[in-house]
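Heads up, the thing below is written out as structure tokens.
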Amino acid sequence: TIEEENINPIFDQPPQIEWTEIKEKFNDIYSTLNEISQQLNEYWKQQPVIQNTGYY
């Protein structure tokens, strides 16, 4: 039918390009977050643990 002809080209376009771009960006963000959390971990390891003394 005519409707199918109109809809098909949209689905025929390869979504892989956009998907790989999204995955790459996600990987970048993920690795950046990883670095930040590692740096925070190192930072907290170096800090004297003063905040917790009130609870024990």
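The values are calculated or read from the model by the stated rules, or taken from the named source; none is laboratory data. Keep in mind it's a predicted model, so treat the numbers as computed, not measured. In this analysis, Cβ positions are derived from the backbone assuming ideal geometry, glycine residues included, and neighbour counts consider all displayed protein chains.
Return the residues of segment 14-47 that are of a type in the set (A, V, I, L, M) and surrounded by 10 or more Cβ atoms within 10 Å (Cβ to Cβ); say none if nothing qualifies. Of everything in segment 14-47, those that are of a type in the set (A, V, I, L, M) and surrounded by 10 or more Cβ atoms within 10 Å (Cβ to Cβ) turn out to be I22, I29, L33, I36, L40. Could you say whether any residue in segment 29-47 is modelled with pLDDT of 95 or more, in a helix (DSSP H, G or I) and acidic (D, E)? So far as segment 29-47 goes, yes, one or more of its residues are modelled with pLDDT of 95 or more, in a helix (DSSP H, G or I) and acidic (D, E).
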